[in-house]
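The values are calculated or read from the model by the stated rules, or taken from the named source; none is laboratory data. Note that this is a predicted model, so its numbers are computed, not measured. Neighbour counts are summed over all protein chains in view; Cβ atoms, including those assigned to glycine, are modelled from backbone coordinates with ideal geometry.
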Amino acid sequence: MAVAEQERTVRGIGHSLRRHEDDRFIRGKGTYVDDIVLPGMLHMAILRSPLAHARIVSIDTSKAQAAEGVVAVITGADLAAHNLAWMPTLSGDTQAVFATDKVRFQGQEVAAVVAEDPYLARDALQLIDVEYDPLPALVDPHKALEPDAVLIRDDKEGQTDNRCYHWEAGDPRATDEAFARADVVVTLDTHYPRCHPSPMETCGIVADVNQATGQATLHMTSQAPHAHRTLFAMVAGLPEQNIRIKTPDIGGGFGNKVPIYPGYVAATAASLLLGRPVKWIEDRSENLISTGFARDFHMHGELALTRDGEMLGLRVRLVSDNGAFYADAQPSKCRAGLFHIVTGSYALPAAHVVADGAYTNKAPGGVAYRCSFRVTEASFLIERLVHNAAIELGLDPAELRRRNFIRPEQFPYTSATGFVYDSGNYEAALDLALQQVGYDDLREEQRRARAEGRLLGIGIASFTEVVGAGNHKDYDIAGIKMFDSAELRVHPTGKAILKIGVQTQGQGHETTFAQIVASELGIPPEDVLVQYGDTDNVPYGLGTYASRSTPTAGAATAVISRKLRDKARQIAAHLLEVSEEDLEWDTGRFSVKGAPDRAVTIQDVALAAYTNMPEGLEAGLEGVHYYDPPNMTFPFGTYVVVVEVDPGTGDWKVLRVVAVDDCGVRINPMIVEGQIHGGLAEGFGIAKMELITFDEDGNCIGSNFTDYLLPTSWETPNFECFATVTPSPHHPLGAKGVGESATVGSPAAYVNAVIDALGHLGVRNIDMPVTSAKVWEAIQQASR
Amino acid sequence: MYPARFDYVAPRSLEDAVEALAGGGDDAKVLAGGQSLIPLMKLRFAEPSLLVDINRIPGLDGIAEDGGRLRIGALVRHNDVVGSRLVADRLPVMAAAAPLISDPLVRNLGTVCGSLCHADPAGDWGSVMLALGAEVVARSPSGERTIPVSELLVDTFTTSLAPDEIVTEVRVPLPQRRSGGHYLKLERKVGDFATVGVAVQLELDDGRIGRAGIALTAVGPRNVTATEAERVLAGAEPGPDAFAEAGRLAADAAEPVDDVRGSARYKRAVVQTFVERALTRAHEIAGGSR
Ligand SMILES: Cc1cc2nc3c(=O)[nH]c(=O)nc-3n(C[C@H](O)[C@H](O)[C@H](O)COP(=O)(O)OP(=O)(O)OC[C@H]3O[C@@H](n4cnc5c(N)ncnc54)[C@H](O)[C@@H]3O)c2cc1C
């Protein structure tokens, strides 16, 4: 059988195989945390602070204790008695589980009721009496950093102001020198607004602690079950072997399910104390107001250029609004995530980034919402700056990009802030996008439209991402190194189970990872059961976020498959009575060189591994591999968005979106395209409508889906997707992460398009969300 | 999201419903499509003691022409209006508004009458019915009365209905002359309430404008009738000048406030733009131009 033919029958890498998992989702047969019902299970509901900043004077729980169906009422004082009132965050800070001293944001957890049913639990919440002594609320991070601002974190020893970190990257001297040589400096001040991952399934847990054995089984919404197990062991002081975290089907995560939330800890404590399973499921408003938000970066960027458009240097000064606790989920060495990828796709010889974090009276979080730790903010800033630079220089924005791209022969390329880009071909992606959108004709159409008073705009973003953490030297989460794992067990009948340390939340791992095994070992994907998300069952891993599954556990899967293939070759040689060197591998089949009919299949070998192994060889066809990536992967692409703005209302409609993505080798092109569609839709939402905002007292505006707007299929534009393929040179499959490219890259393309429509009027910036009201105001201001 | 405790009845006749509502006291509420009431209950912003579900009462779901009026029963859903030929032929302003109300899920359940009874100034039907000069019929133990929509809508979430009154239908006068109407709505996304909505109805009389109805959504404590704009249009020659003047006057009549959707200044400007555009379109529909 020819290689190509064999490949086709196993439907491995490169095949748009339908998603195995969809069968149960489409039939409503998935199991989410709220579907889990255990005998004797109680229900917990959380009382949240109505105020953004206030001292707690007293909490009276007596009426709630006496209410129908109530089993227990838990306050911060109760938790403190077990040393559980505070917990560590993923950024090395501490966070209140239930407030004991002060409340620091509206929606903060203050107490909980555990009752026989969820209605009674909520009825009793209304009976808890909390007396607050209000304090001034800080909602503006710049004000929070002023010297006389009221101290939010008076719980922290030695903390005298509201700064939660200061961090720099790049070379300030070289950058100053570059700016001194510049003909033109383009500046941009922009706020990347606070938005929310908003997974369909909110966060929740069913905590089941057996008081007799001490065994704690925690069914929870987690993107990183093993990391959570270890942190739980540290927080709760439970022996780690007694903690089992089980993640059933996860209804979307997008970074929202990376942190540990107070509700998880409280429900576990309640189950431990009461000896019965306790379920806690957030409602939608709780999810929006209290769990991991994303972004909220106030950025000032300066781009230095020569008159003919050569980029010389980049300076960024940013203030991040981290909320009341520094709970960003990010590698511990990177205080502003991977924001220093901000030089993007450009050969920028000098750059300097200064970042300061501010505590404010808002929910904590700073999660990487479908983003590799602040890459989204970085990509947005540079792509917006480049567009504005093109306006200032009178150059076409595509041309300005082209002149400054890192060229293919420059890879591996060390950026001014220290990343080593693995590979790229930025111009090819740009060219394909321009060709597909019909760029030159569009520019002509834009000129004609302008003459008629119509406002047409074309926005480009040529983004680069850095995804797939680790390596272990540079990247860890709370000290745990960012490797990942795969364990492959091939059974005697030739069927296999693959256990991975990463955690699907809808990405299609059950299909994609089976296809990797198919290509590497020749076992058809339907014969490979992919398991994850039960810490007693699968090897240690850091979970799924930051587009890391394929770069890390995908690589581990390839490597362990290859190791088993090496062992299989030994067995095949034994079965065929030839030496290993005389064998030829052809996906799923070993044959004797020169005698192709003398062959055994991988299934034959699997059986032999348990029934007829060669003398001296260990039995079985199983193994585990922990993969420590040598570097990150750097997916890239170009998005082009065409919009038309209604001058009468400021409303804008998307006419076209052309997306060219290069994520290296595509394992399942259909799934890749699905990820891109989702990201382009989310990017559209962020650019146009999504916003969590606060009034001056710190009241959260955006606590439900009529205020926090998400795009639906009705207004989401049509997407035209294309690919170039530049394999990662260091990944065993040549693959790069892709789950986040479109969320990262697309917002700038949408905004650039609107600015492009208005550029001739003098409009240079409109902060996201680019609402029709803001567009209209910008037009009025410009035409004044 | 878990509502507080409440009682529930689902009577099979209007008489039983009227009796149940009256017997339930001031905290009893009618449940029609539930698309406003249920969300409020789930947030515990509303805690009615009793729900009187009118969905099983026969005969309330019709749209019918009757003596120069269109009668729209209390169980006519937004989506029934979307699908109605009668409406499409005779009342283009209703036909334009219906598909702009929320999303298909809400339209399948929410009712025209329920929307009027809810008196949300961001509700679209309020403006449409004001522009059309419609009235509702209300039933209580003491009998039946008709209330012009202009008197029904008192303030934000406040109507002139007594707690024991059930609206059984809304009656829309059918235009007798050449007429046209249109509804324009600016929303942030599909399913969003209006940032600004504008309903217009024009009747032509011998090349001049006869009656004009203009009402505005989401720019005041209730749906706002642009009385001055209506007045200058009546008897005027239809065309860009008159429509622009009406736009300016309607913008003056609006009482918007600054909020996340935009500034008051912005909303006024959109009212002006929309009134002009909607009148132009209504005039086209009436066969005035082309
Ligand atoms: C997500 C969402 C988006 C929406 N967007 C829009 C929009 O864009 N535009 C818009 O106009 N509306 C919108 N709505 C509201 C929707 O149109 C509702 O259907 C409408 O406001 C209320 O009608 P209902 O039949 O659902 O009434 P219900 O929710 O059942 O009742 C509403 C109120 O009216 C009272 N009531 C209802 N019927 C009667 C009656 N016959 N007699 C006396 N009292 C009665 C009830 O007691 C209650 O107080 C939206 C709703 C949702 C959930």
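When the residues of segment B:116-130 are narrowed to those that are near the ligand (Cβ under 7 Å from one of its atoms) and in contact with a helix residue (DSSP H, G or I) (Cβ under 7 Å, 6 or more places away or on another chain), which ends up farthest from the other protein chains (Cβ to nearest Cβ)? Show your work before the answer.
Start the filter on segment B:116-130 by keeping residues that are near the ligand (Cβ under 7 Å from one of its atoms), which leaves B:117-118, B:120, B:122-125.
Still in the list and also in contact with a helix residue (DSSP H, G or I) (Cβ under 7 Å, 6 or more places away or on another chain): B:123-125.
On the way: B:GLY123: 13, B:ASP124: 15, B:TRP125: 18 Å.
Checked segment B:116-130; the qualifying residue farthest from the other protein chains (Cβ to nearest Cβ) is B:TRP125.
Residue-wise test of (1) out of contact with any strand residue (DSSP E or B) (no Cβ under 7 Å at 6 or more places or on another chain); (2) within 13 Å of the ligand (Cβ to nearest atom); (3) not assigned by TED's automatic domain parsing to the domain that holds B:ASP120.
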{"residue": "B:ALA194", "(1), (2), (3)": "no, yes, yes"}
{"residue": "B:GLN201", "(1), (2), (3)": "no, no, yes"}
{"residue": "B:GLY207", "(1), (2), (3)": "yes, no, yes"}
{"residue": "B:ILE214", "(1), (2), (3)": "no, no, yes"}
{"residue": "B:ALA218", "(1), (2), (3)": "no, yes, yes"}
{"residue": "B:THR225", "(1), (2), (3)": "no, no, yes"}
{"residue": "B:ALA229", "(1), (2), (3)": "no, no, yes"}
{"residue": "B:GLY235", "(1), (2), (3)": "no, no, yes"}
{"residue": "B:PRO240", "(1), (2), (3)": "yes, no, yes"}
- Output for segment B:96-109, where each listed residue is within 16 Å of B:LEU186 (Cβ to Cβ) and near the ligand (Cβ under 6 Å from one of its atoms): B:ILE101, B:SER102
- Message: Can you tell me which of (1) surrounded by 24 or more Cβ atoms within 10 Å (Cβ to Cβ); (2) under 22 Å from B:GLY262 (Cβ atoms) is the one A:GLY683 doesn't meet?
- Response: (2)
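Is one or more of the residues making up segment A:245-252 in a loop (DSSP other than H, G, I, E, B) and without any contact (Cβ under 8 Å) to a residue 60 or more places away in the chain?
The initial filter retains those residues of segment A:245-252 that are in a loop (DSSP other than H, G, I, E, B), namely A:247-252.
Those left that are additionally without any contact (Cβ under 8 Å) to a residue 60 or more places away in the chain: none.
Checked segment A:245-252: no residue is in a loop (DSSP other than H, G, I, E, B) and without any contact (Cβ under 8 Å) to a residue 60 or more places away in the chain.
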- Starting from segment B:25-38, take each residue that is at positive phi and list its partners that are among the polar types (S, T, N, Q), counting only C-beta distances under 8 angstrom and pairs at least six apart or across chains. B:GLY25/B:SER49
- Item | Residues of segment B:75-95 that turn out to be outside any strand (DSSP E or B) and near the ligand (Cβ under 9 Å from one of its atoms), as a count | 2
- If only one of B:TYR8, B:TYR2 is within 14 Å of the ligand (Cβ to nearest atom) and of a type in the set (Ser, Thr, Tyr), which one is it? B:TYR8
- Could you tell me whether any residue of segment A:670-682 is within 13 Å of chain B (Cβ to nearest Cβ) and not in a strand (DSSP E or B)? yes
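Looking at this structure, is B:VAL112 of a type in the set (Val, Ile, Thr) and more than 10 Å from the ligand (Cβ to nearest atom)?
On the way: of a type in the set (Val, Ile, Thr): yes; more than 10 Å from the ligand (Cβ to nearest atom): no.
Against the criterion (of a type in the set (Val, Ile, Thr) and more than 10 Å from the ligand (Cβ to nearest atom)), B:VAL112 does not qualify.
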- Sort out which residues of segment B:236-270 are within 14 Å of another protein chain (Cβ to nearest Cβ), part of a helix (DSSP H, G or I) and more than 26 Å from B:ARG178 (Cβ to Cβ), and write them in order of number. B:ALA251, B:ALA264, B:ARG265, B:TYR266, B:LYS267, B:ARG268, B:ALA269, B:VAL270
- Whichever residue in segment A:122-136 is over 26 Å from A:ILE152 (Cβ atoms) and either surrounded by fewer than 22 Cβ atoms within 10 Å (Cβ to Cβ) or within 33 Å of the chain's Cα centre (by Cα) (or both) and, among such residues, is nearest to the other protein chains (Cβ to nearest Cβ): A:ARG122
- Item | Residues located in segment B:1-24, provided they are out of contact with any strand residue (DSSP E or B) (no Cβ under 7 Å at 6 or more places or on another chain) and within 29 Å of A:ALA45 (Cβ to Cβ) | B:MET1, B:TYR2, B:PRO3, B:ALA4, B:ARG5
- Task: Return only the number of the condition from (1) in contact with a Gly (Cβ under 7 Å, 6 or more places away or on another chain); (2) closer than 18 Å to A:ASN425 by Cβ; (3) buried (at least 24 other Cβ atoms within 10 Å of the Cβ) that A:THR638 does not satisfy.
- Result: (1)
- Query: Under 6 Å by Cβ, and 6 or more places apart or on different chains, what pairs join a residue from segment B:98-115 that is away from chain A (no Cβ under 13 Å) with one that is near the ligand (Cβ under 6 Å from one of its atoms) and among the β-branched types (Val, Ile, Thr)?
  - Reply: B:CYS113/B:VAL167
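Here is a list: A:ASP697, A:ASP756. Which entry is in a loop (DSSP other than H, G, I, E, B), among the acidic types (Asp, Glu) and either more than 11 Å from chain B (Cβ to nearest Cβ) or touching a helix residue (DSSP H, G or I) at 6+ places or on another chain (Cβ under 6 Å) (or both)? Walk me through how you get there before you give the answer.
On the way: A:ASP756 fails: in a loop (DSSP other than H, G, I, E, B).
Answer to the check: A:ASP697.
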- Item | Total residues in segment B:271-285, condition at the interface with chain A (Cβ under 10 Å from one of its Cβ atoms) and either closer than 19 Å to B:ASP205 by Cβ or buried (at least 19 other Cβ atoms within 10 Å of the Cβ) (or both) | 4
- Note on the structure: So, first residue within 18 Å of A:GLY702 (Cβ to Cβ) in segment B:179-191, second residue near the ligand (Cβ under 9 Å from one of its atoms), Cβ within less than 8 Å, six or more apart or across chains; the pairs are B:GLU187/B:LEU100; B:GLU187/B:PHE193; B:GLU187/B:ALA194; B:GLY191/B:SER102; B:GLY191/B:ASP103; B:GLY191/B:VAL106
- Message: If I go through segment B:23-74 residue by residue, how many of them are over 22 Å from B:VAL170 (Cβ atoms), more than 10 Å from the ligand (Cβ to nearest atom) and not hydrophobic (A, V, I, L, M, F, W, C)?
- Response: 9
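Out of B:ASP192, B:ASP155, which single residue is of a type in the set (D, E, K, R) and within 14 Å of chain A (Cβ to nearest Cβ)? Show your work before the answer.
Values: B:ASP155 fails: within 14 Å of chain A (Cβ to nearest Cβ).
From the options B:ASP192, B:ASP155, the qualifying one is B:ASP192.
Tell me yes or no: at least one residue of segment A:505-516 is farther than 30 Å from A:GLY170 by Cα and assigned to a strand (DSSP E or B).
For segment A:505-516, residues farther than 30 Å from A:GLY170 by Cα and assigned to a strand (DSSP E or B): absent.
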- Item | Matching residues in segment B:134-163 - criterion: being more than 13 Å from the ligand (Cβ to nearest atom) and crowded, with 18+ Cβ neighbours inside 10 Å | B:ALA134, B:GLU135, B:VAL149
- Item | Checking A:VAL624 against (1) assigned to a strand (DSSP E or B); (2) aliphatic (A, V, I, L, M); (3) within 12 Å of another protein chain (Cβ to nearest Cβ), the condition it does not meet | (3)
